[in-house]
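Below is one structure, written out as structure tokens, with a few remarks after it.
The values are calculated or read from the model by the stated rules, or taken from the named source; none is laboratory data. Remember, it's a predicted structure, so these values are computed and weren't measured experimentally. Using ideal geometry, Cβ is built from the backbone for each residue, glycine included, and neighbour counts are taken over all protein chains shown. Side chains included, ligands, DNA and RNA excluded: accessible areas come from the protein's heavy atoms. Shrake-Rupley method; radii C 1.70, N 1.55, O 1.52, S 1.80 Å.
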Amino acid sequence: MAALEIYQFPCLSDNYGFLVHDSESGETACIDTPETAPILAALEKTGWTLTQIWNTHHHYDHAGNNEEIKRITGCTITGPAGEADKIPAIDRAVDDGDTVMLGVHEAHVLNVGGHTLGHIAFHMEGHAFVGDSLFALGCGRVFEGTMAQMWESLQKLNALPDGTQIYCAHEYTTSNAAFAVTIDPDNEALSQRVAEISALRAANKPTVPTEIALERATNPFLRATDANVQARLNMSGASAVDVFAEIRARKDSF
Ligand code: ZN
Ligand code: FE
């Protein structure tokens, strides 16, 4: 079976759109629908025909153009069961443990609720499309769920094998990096990464996708059990959820 092809492109002010293509079947999935014109331009540029939309959650910059793109392309729409009533034109609702096919390629659905209650991610063949759950050096704001739910959700992503590419939906990395160093200032891997991020952004290059082992080593939201992080917060021995909640609260007002 041929490898999946992925095409990434900017949308709105700081979103990314992604097309996933299987050359054997000719199927193409668009991850979320942040903005119609760049999605149509990406299809034109690649020469791929859109057959599916896969939504991660109901926010407007993720599902807001579902109806228009479905009307133009005739594609089907798969989205989160937990918020199916808020996903325009949804055809199939899926949740944790479900499988979505792109030709013969299987995507595994993970429930990563917290940012929104029903938020899902799609994991396939070393690629994970995570919407607004995990970001490079950050995580989504906890709008609808609890801190415990968000922490559990991030653990599912944290459990993905080394090498997994993480396709987050926003380019938030510069501000995330500025915050991360306040929580984990003695982390050498983080310092090195911050320098790399500055260079990428100075050259107007994306920091997405990121890679899960790099996030494990440098993302403060995945490091709530780290002794240095806990000591820095005067929370040595506290529960992972409490430490995570403290880091999230600090970021909300950073
Ligand atoms: Zn969102
Ligand atoms: Fe978003």
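Within the chain, antiparallel bridges make up roughly 70 percent of the DSSP beta bridges whose residues both belong there. The value of relative contact order for segment 104-254, using C-alpha pairs under 8 Å at least six residues apart, is 23 percent.
What does the convex hull of the alpha-carbon atoms of segment 163-203 project to on average, in nm²? Don't skip to the answer; put the middle values down first.
Numbers: hull surface 14.0 nm².
So the mean shadow area of the Cα hull is 3.5 nm².
Based on the mean of other Cβ atoms within 10 Å per residue, sort peptides 177-186, 36-45, 148-157 so the most packed one is first. Provide the component values of the computation, followed by the final result.
On the way: 177-186: 17.7, 36-45: 15.4, 148-157: 20.8.
Those peptides, ordered most packed to least, come out 148-157, 177-186, 36-45.
Could you work out the per residue convex hull volume over the alpha carbons of segment 28-108, in cubic angstrom?
On the way: hull volume 6.5 nm³, N = 81.
For segment 28-108, the hull spanned by Cα atoms encloses 80 Å³ per residue.
When the accessible area of the chain is split by element with a 1.4 Å probe, what percent falls to carbon and sulfur? Carbon plus sulfur share of accessible area: 51 percent.
Using a probe of 1.4 Å, the accessible surface attributed to S253 totals some 100 Å² when neighbouring protein chains are kept in position. Projecting the Cα positions of I77, V142, A107 onto the charge dipole of the chain (unit charges on Cβ atoms of Lys, Arg, Asp and Glu, taken about the Cα centre) puts V142 furthest along the positive direction.
The listed peptides 232-239, 70-77, ordered by packing as a protection proxy, come out as 70-77, 232-239 (highest mean of other Cβ atoms within 10 Å first).
Evaluate the relative contact order of the chain (contact order divided by residue number), counting alpha-carbon pairs under 8 angstrom at least 6 apart; express in whole percent. Before the final figure, lay out each step's value.
Details: 516 pairs, mean separation 32.1, N = 254.
Answer for the chain is 13 percent.
For the chain, what does -39500 (n - 2.57) per DSSP helix run (n ≥ 4), summed and divided by total residues, give at 222 nm, in deg cm²/dmol to the nearest 500? -10000 deg cm²/dmol, from helical runs alone. The dipole here belongs to the chain: it is taken about the Cα centre, uses +1 on the Cβ of Lys and Arg and -1 on the Cβ of Asp and Glu, and is about 560 debye. Counting Cα-Cα pairs of the chain in 10 Å increments starting at 0 gives whole-percent bin shares of 7, 32, 36, 19, 6, 0. Normalised per residue, the accessible area of the chain is 41 Å², obtained with a 1.4 Å probe and no contribution from ligands, DNA or RNA.
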